[in-house]
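Undergrad: Before I ask anything, here is the structure I am working with.
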Amino acid sequence: MTEVLLSPLVGTILDGLKSWSLKELELAGSLKTEVASLESTLTTIQAVLQDAEEKQWKSEAIKNWLGKLKQAAYDLEAVLEDFNTEAQSRSLHTDARSQVTTFFSLRNPLLFRLDMARKFKNVREKLDAIAGEKSKFHLREGVGEAEIERNEDRQTSSLVKELEVLGRADEKEKIVSMLLCNVNHHDDLSVYAICGMGGLGKTTIAQFVFNDENVAKVFDLRGWVCVSDDFDIKRLTKAIVESFGGNSCGIQELDTLQRCLAEKLVGKQFLLVLDDVWNEYHDKWDRLKQALQCGRKGSTVIVTTRLEKVALMMATTPFYRLGCLSDDDSWSLFKQRAFGMGMNGSNANLETIGRQIVQRCGGVPLAIKAIGSILRFRSQESEWLRVKDSEIWDLEDEGSRILAVLRLSYDHLPPHMRQCFSFCSIFPKDSVMTKDELMGLWMANGFIPSRGALDLHDMGCEIFSELTWRSFFQEIKEDVDGTVTCKMHDLIHDLATSIMGQECCVIEANEGSQIPKAARHLFVYNYSSSPLKNVMDFTTLQPLQSLILHGYDINVSNLSRYISKQKYLKVLILVLIVAILLLKVRNT
Ligand SMILES: Nc1ncnc2c1ncn2[C@@H]1O[C@H](COP(=O)(O)OP(=O)(O)OP(=O)(O)O)[C@@H](O)[C@H]1O
Ligand SMILES: [Mg+2]
């Protein structure tokens with residue numbers, strides 16, 4: 001399930017190669033040639049990266065290839081860091097005395113350039129060899145819009161089995177009364193949007209409302225269209241005509257289709273559900289909306305979407321943010337799935353474990369239903385415990401189905417936002433994250449690309465807002481002094497972890513804790529107030545890019561020894577008892 005995300009790193013390195021510090025070192029001779037060849041190799045690699053990153057899900061060979069490339073890119077990044085450090089320290093050591101003493105050391109510009117040229121050559125040869133393998137994969141060049149596969153499983157319809165829907169009565173009443181009240185008051189086409197993260201039940205509640213008796217009575221026509229990623233006007237107009245009982249067979253011209261739709265709608269009050277909308281382009285929506293404006297006043301469109309941006313763009317009233325299922329309804333849904341209709345309440349232990357499992361699903365019906373189904377035919381406590389303690393991606397087919405549904409939102413992100421989002425798995429579940437801290441971490445790690453006049457801070461704000469609008473962050477709060485905080489739903493955290501794998505790692509600080517070799521970003525915590533003896537030994541830790549220590553009593557003497565040797569550590573955050581210290585260590 002993990003993903004090798006390489007394009008943001010290659011982008012940053014290419015920017016680095018062109019940066020001022022290299023120019024400062026007056027590139028000459030073999031060094032100049034090496035840097036030019038590196039730029040060319042990386043540009044060739046970058047051209048096919050998007051295609052490779054998309055195809056890695058279907059090809060283990062491509063994933064391995066990307067993994068090797070990423071390792072080589074990290075090696076190159078380290079060489080560049082050395083280079084930058086030298087540039088900085090040279091600007092500090094310009095007095096005559098130090099020039100004499102450095103003549104015989106690597107500070108000697110000549111020796112240094114030779115050493116660097118050798119390092120660049122080594123890493124370039126490695127990159128060239130790996131890049132040479134790309135011809136095996138027939139990768140396409142270009143960086144167009146990410147292609148998202150149309151998934152027939154995501155097709156929805158207006159039918160719903162009422163018996164199977166739990167709770168949501170209040171939510172339904174609220175939306176129904178809004179619709180009925182609007183029918184007599186508004187002249188124009190009204191658009192309601194229901195918004196929330198994947199699997200929360202937006203489609204289900206729209207079905208519920210669509211089939212409500214009073215709603216059915218009020219509207220002359222009701223139609224349901226599953227939009228998904230493809231907001232093609234012709235396809236949608238055809239689908240809408242057909243959903244209202246018309247016949248669009250054989251009509252190819254948009255104009256004819258729109259006339260056909262107008263004939264159907266004129267003088268009628270209609271309700272149209274546009275389910276699962278992802279389109280963020282105003283003009284596309286405006287064109288469709290225009291064609292829908294020929295119905296009688298009070299006609300209404302209900303939109304379901306994961307994207308707040310889409311809800312804001314389409315809705316004519318404040319949009320409806322769907323909440324999680326209540327604890328009681330979550331438990332009832334789980335029971336219905338895991339035990340069938342006749343719950344076998346005889347096993348109190350299974351119930352206790354079941355309630356803990358439901359807790360993990362955080363009120364998301366998609367997950368509750370899927371995990372309940374896994375346990376349907378299992379009656380052994382050990383099996384239930386295994387499911388409770390498993391990571392979601394280890395849960396047979398159903399677990400990966402949950403993540404696949406949630407992943408869709410991730411697939412719609414551009415590469416740098418994918419990187420910023422998945423990095424958030426460095427925080428433990430249920431952490432309160434501060435917007436400024438997150439942006440600081442993204443910046444220090446080089447995850448925010450520079451874009452024209454926008455500075456990194458502005459770009460960081462934009463990324464934070466985008467991730468919030470796309471339901472990756474929730475519980476956004478702003479306190480009196482303007483500090484903005486947010487959280488991630490547990491399942492969204494699972495998604496981030498499943499993508500980052502062991503590159504981002506959260507561990508409890510105790511003697512037995514093993515830090516995976518692949519870890520580059522590490523969060524170590526100790527929330528027990530009793531002092532720990534012999535906590536983790538930092539002296540054997542591999543080089544890291546980010547290190548966050550949180551809590552009480554973390555063995556700081558080993559830590560300082562470790563940190564003093566770290567050349568490539570970009571972020572160090574210590575939150576020890578009450579002291580907060582944020583340092584950006586840059587090769588000092
Ligand atoms: N209140 C509920 N009671 C029982 N099952 C529910 C309820 N709400 C949703 N479900 C079930 O959970 C699953 C996900 O629901 P749904 O498809 O409505 O979510 P969604 O928010 O539309 O997701 P997506 O963002 O992927 O479109 C479905 O299998 C649905 O039947
Ligand atoms: Mg849906």
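Undergrad: Are any of the residues in the stretch 333-354 on the phi < 0 side of the Ramachandran plot and within 23 Å of the chain's Cα centre (by Cα)?
TA: Scanning the stretch 333-354 turns up no residue that is on the phi < 0 side of the Ramachandran plot and within 23 Å of the chain's Cα centre (by Cα).
Undergrad: Just the residues that are over 12 Å from Asp494 (Cα atoms), within 16 Å of ligand 1 (Cβ to nearest atom) and not polar (S, T, N, Q), please, taken from the stretch 396-425.
TA: If the condition is that a residue be over 12 Å from Asp494 (Cα atoms), within 16 Å of ligand 1 (Cβ to nearest atom) and not polar (S, T, N, Q), then Asp397, Glu398, Arg401, Val405, Leu408, Tyr410, Asp411, His412, Leu413 are the ones that fit.
Undergrad: OK, next. Within the stretch 129-171, work out how many residues are assigned to a loop (DSSP other than H, G, I, E, B), modelled with pLDDT of 80 or more and under 30 Å from Ser243 (Cα atoms).
TA: 9
Undergrad: Then there's this: If you check every pair at least six apart or on different chains, which have Cβ atoms under 7 Å apart with a residue in the stretch 432-460 that is assigned by TED's automatic domain parsing to the domain that holds Ile476 first and a residue that is open to solvent by less than 20 Å² (accessible area, probe 1.4 Å) and assigned to a loop (DSSP other than H, G, I, E, B) second?
TA: Correct list of pairs: Met433/Phe427; Trp442/Ile448; Ala444/Lys570; Asn445/Gln545; Asn445/Lys570; Leu456/Ile448; Met459/Ile448; Gly460/Ile448.
Undergrad: Same structure, new question: Which ones in the stretch 394-403 are modelled with pLDDT under 85 and assigned to a helix (DSSP H, G or I)?
TA: Selection gives Asp394, Glu396, Asp397, Glu398, Gly399, Ser400, Arg401.
Undergrad: Kindly provide the set of residues from the stretch 237-251 that are under 27 Å from Thr203 (Cβ atoms), of a type in the set (Gly, Ala, Ser), open to solvent by 10 Å² or more (accessible area, probe 1.4 Å) and modelled with pLDDT under 90, ordered by number.
TA: Gly245, Gly246
Undergrad: Let me ask another. Report yes if Lys284 is at pLDDT below 90 and farther than 30 Å from Lys388 by Cα, otherwise no.
TA: In short, no.
Undergrad: From (1) at negative phi; (2) assigned to a loop (DSSP other than H, G, I, E, B); (3) modelled with pLDDT under 80, pick out the condition that doesn't hold for Glu26.
TA: All conditions pass for Glu26, except number (1).
Undergrad: If we keep just the residues of the stretch 180-208 that are part of a loop (DSSP other than H, G, I, E, B) and within 16 Å of ligand 1 (Cβ to nearest atom), which is farthest from the chain's Cα centre (by Cα)?
TA: Out of the qualifying residues, it is Gly201.
Undergrad: Next question. State all residues of the stretch 301-318 that are within 15 Å of ligand 2 (Cβ to nearest atom) and either outside the structural domain of Leu288 (by TED's automatic domain parsing) or polar (S, T, N, Q) (or both); if no residue qualifies, say none.
TA: Passing the criteria: Thr304, Thr305.
Undergrad: Right, another one. Filtering the stretch 428-446 down to residues that are in a loop (DSSP other than H, G, I, E, B) and open to solvent by 10 Å² or more (accessible area, probe 1.4 Å), which residue is farthest from ligand 1 (Cβ to nearest atom)?
TA: The residue in question is Gly446.
Undergrad: For residues that are within 16 Å of ligand 1 (Cβ to nearest atom) and part of a loop (DSSP other than H, G, I, E, B), scanning just the stretch 209-247, find the one that is farthest from Trp285 (Cα to Cα).
TA: Asp212
Undergrad: Return yes or no: is Gly201 closer than 26 Å to Arg407 by Cβ, at pLDDT 90 or above and either more than 16 Å from ligand 2 (Cβ to nearest atom) or out of contact with any Ser or Thr (no Cβ under 7 Å at 6 or more places or on another chain) (or both)?
TA: Answer is yes for this residue.
Undergrad: Return a yes/no flag: does the stretch 265-273 have any residue that is among the hydrophobic types (A, V, I, L, M, F, W, C), under 25 Å from Ile492 (Cβ atoms) and within 16 Å of ligand 1 (Cβ to nearest atom).
TA: no
Undergrad: From the list Gly323, Gly340, Gly372, Gly362, which one is away from ligand 2 (no atom under 16 Å from the Cβ) and touching a residue at least 40 places away in the same chain (Cβ under 8 Å)?
TA: Every option except Gly362 fails the conditions.
The values are calculated or read from the model by the stated rules, or taken from the named source; none is laboratory data. Everything numeric in this text was worked out from a predicted model, so none of it was measured. Ideal geometry is used to build each Cβ from the backbone, glycine not excepted, and the neighbour counts take in all protein chains shown. Surface areas here come from the heavy atoms of the whole protein model, side chains and all, with no ligands, DNA or RNA. Shrake-Rupley method; radii C 1.70, N 1.55, O 1.52, S 1.80 Å.
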